[in-house]
Structure formats: structure tokens, C-alpha cells
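Presented below is the structure to which this report refers.
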Amino acid sequence: MEVVICQDEEQVGAVAADRVIAQLHGRQTPVLGLATGSSPLNLYAELKRRAAAGDVDFAHALGFALDEYVGLDPKHPLSYRETILRTVVEPLGMNPDRVMVPNGFVADLAAAAEEYEEAMREAGGIDVQILGIGSNGHIGFNEPTSSFASRTRVKTLTQQTRDDNARFFAEDETVPTHCVTQGLGTIMDAHNLVMVASGPAKAEIVAAMIEGPVSAMCPASILQFHRRAFVIIDEAAAANLQYADYFRHVAANQPA
Ligand code: GLP
């Protein structure tokens with residue numbers, strides 16, 4: 001795992017954009033794994049700037065989202081399909097017809113999840129999976145105790161996740177209880193992982209992910225087993241790391 005500590009969340013976005021663009025270099029049809037949440041917004045803003053500057057072109061890219069709520073109409077403004085279209089696809093100039101989001105609004109959710117896995121396989125896998133981390137250590141919606149071997153499937157959201165996400169919903173709306181999410185095994189198949197996190201609220205879980213034992217109680221700790229996992233965090237999110245000075249030293253002393 002490579003850990004980069006940045007001054008602030010703007011720098012997190014810029015460093016993460018460098019990583020994403022470097023990993024897509026030379027790919028005719030880049031395949032991006034897309035995450036919702038506030039954490040990657042600076043990254044998407046930076047990718048938009050780089051695309052406008054001609055550094056990268058997403059017009060032919062394929063996109064696969066990590067997760068979706070169950071029972072929410074895909075046209076609902078808070079569905080992850082709509083969120084991804086609004087916050088990623090449109091600003092980056094991706095083709096919406098080439099962006100897939102798990103389907104949480106069909107009768108046969110298991111069959112739809114299997115089709116989603118198949119579509120990712122047919123695309124040749126994800127070149128770069130962008131990730132945030134939930135306050136309980138989830139990635140996608142893989143809640144604590146998720147199997148490290150899991151594939152795209154229905155999961156029940158924890159109360160903590162529903163509370164965290166309640167801020168997006170109106171008072172008279174209930175936060176969905178279930179979701180469809182890529183599994184931890186699915187995420188681990190991506191060729192590169194770029195995780196971004198910022199702010200003091202993430203400090204404890206970021207330390208558990210990077211320095212804690214690999215445990216299903218912190219699903220994101222599975223990143224310790226990935227060969228190409230880049231974790232880009234700001235100073236506030238790095239506050240609980242024992243090895244913060246080491247990570248700064250490594251970043252400042254790259255071999256020629
Ligand atoms: C949601 C998403 C995750 C995301 C997490 C953190 O639950 N399913 O993919 O990483 O929230 O969100 P934020 O970045 O807003 O803290």
C-alpha cells in the first residue's frame with residue numbers, strides 16, 4: 001500500500017487525479033470504477049480540469065459504479081445512478097450509455113448482480129477503481145463482517161451508514177435499508193485502487209485500514225492485500241497514523 005499525505009483535500013484531489021491519469025495512460029478504452037460520496041468530489045473536479053486541458057479524454061471510457069440503493073427509482077435524484085451522472089459522467093464528458101450502475105430496482109436483484117459482474121468481466125476488468133471509505137470502514141457498501149470473497153450482491157445497510165447518509169434525504173423520506181454493492185472480491189479484482197479520504201472524522205478508520213489488522217470488521221483493511229493500492233489522505237485524516245512520518249519520508253525520498 002502506498003500512502004500519500006497531503007496538506008488539504010484540494011491537494012488530495014490533485015494527487016489522486018495524477019494517479020488516475022497515469023494508470024489510464026495509453027488505454028484506448030479506459031475502464032473506470034466510480035464511487036459516490038463527498039470524498040472523491042475534489043478528484044472529479046480535478047479530472048474535469050485535466051480533461052478540459054486535454055491531458056485526458058473520457059469520451060470513450062467505460063464506467064462502473066460501486067453501488068446503488070435497493071428500491072429507489074434510478075431516476076430519483078438521490079439514486080446513485082443519478083448522483084454518478086450528475087457528479088462524474090457529465091463533468092468528465094463520459095458517455096452515459098457507457099456507464100453502468102448496479103440495478104437496485106428490479107424484481108430479480110441476484111440475476112441483475114450477476115449480469116453486472118459479467119459486464120465488468122467483458123470490459124476486461126476495472127483499470128482504476130476510485131474509492132472512499134465509510135466511517136465504519138466500508139468500501140462500496142460492504143459493511144463490517146462482509147466476506148473478503150464477496151461479489152456484487154444485496155447487502156443490508158447498518159444503522160450507522162443509514163444515519164451517515166440521512167443528511168442527503170428529506171425529513172419525510174426514509175433512507176433505504178438495502179443496497180446492491182460490488183463485493184470486496186470484486187473490488188480487489190480492479191487493476192489499481194485509488195482511495196481518497198479527508199477530514200478528522202475519518203482519522204480513526206483510516207488508521208485502522210492502513211495499520212490495523214486485516215479484518216472483516218474494517219472491510220477497507222483488505223486493501224493491504226492489493227498489489228496496487230494508493231491511499232491519498234489529508235493531514236486531518238492522517239492524524240491517528242503511527243507511521244505518518246515514515247509515509248512523509250517515503251514521499252519526499254523517491255528513488256531516482
Ligand atoms: C457511501 C458510499 C461509499 C462512500 C461512503 C463515504 O456510503 N457507498 O462508497 O465511500 O459513503 O462517503 P463520504 O465520502 O461522503 O464520506
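Here, each number is a calculation from the coordinates, and none is a lab measurement. This one's a predicted model, so the numbers in the text were calculated from it and none came from an experiment. Quick reminder, even Gly has a Cβ in these numbers, built from the backbone with ideal geometry, and neighbours come from all protein chains shown.
Could you tell me which residue of segment 122-175 is nearest to the ligand (Cβ to nearest atom), considering only residues that are surrounded by fewer than 22 Cβ atoms within 10 Å (Cβ to Cβ) and among the β-branched types (Val, Ile, Thr)?
Among them, the one singled out is Thr161.
For segment 13-65, which positions are among the aliphatic types (A, V, I, L, M) and part of a loop (DSSP other than H, G, I, E, B)?
Residues satisfying the conditions are Ala35, Ala53, Val56, Ala59, Ala61.
Tell me which residues, restricted to segment 114-144, are part of a helix (DSSP H, G or I) and more than 18 Å from the chain's Cα centre (by Cα).
Glu114, Glu115, Glu118, Ala119, Arg121, Glu122
Spot the failing condition for Ala22; the list is (1) without any contact (Cβ under 8 Å) to a residue 24 or more places away in the chain; (2) buried (at least 24 other Cβ atoms within 10 Å of the Cβ), and only one is missed.
Of the numbered conditions (1) without any contact (Cβ under 8 Å) to a residue 24 or more places away in the chain; (2) buried (at least 24 other Cβ atoms within 10 Å of the Cβ), the odd one out for Ala22 is (2).
When you look at Phe105, is it under 20 Å from the mean Cα position of the chain (by Cα) and of a type in the set (Phe, Trp, Tyr), yes or no? I'd like the intermediate steps shown before the answer.
On the way: under 20 Å from the mean Cα position of the chain (by Cα): no; of a type in the set (Phe, Trp, Tyr): yes.
For Phe105, the condition - under 20 Å from the mean Cα position of the chain (by Cα) and of a type in the set (Phe, Trp, Tyr) - is not met.
Can you name the residue in segment 177-200 that is over 14 Å from the mean Cα position of the chain (by Cα) and surrounded by 23 or more Cβ atoms within 10 Å (Cβ to Cβ) and, of all such residues, is farthest from the ligand (Cβ to nearest atom)?
So, considering only residues that are over 14 Å from the mean Cα position of the chain (by Cα) and surrounded by 23 or more Cβ atoms within 10 Å (Cβ to Cβ), the one farthest from the ligand (Cβ to nearest atom) is Val180.
So which of Leu62, Leu78, Leu43 is of a type outside the set (D, E, K, R) and within 25 Å of Ile210 (Cβ to Cβ)? Spell out the reasoning first.
Working: Leu62 fails: within 25 Å of Ile210 (Cβ to Cβ); Leu78 fails: within 25 Å of Ile210 (Cβ to Cβ).
Residue meeting the stated conditions: Leu43.
Residues that are in contact (Cβ under 8 Å) with a residue 12 or more places away in the chain, surrounded by 19 or more Cβ atoms within 10 Å (Cβ to Cβ), more than 14 Å from the ligand (Cβ to nearest atom) and of a type in the set (Phe, Trp, Tyr): does segment 69-80 have at least one?
no
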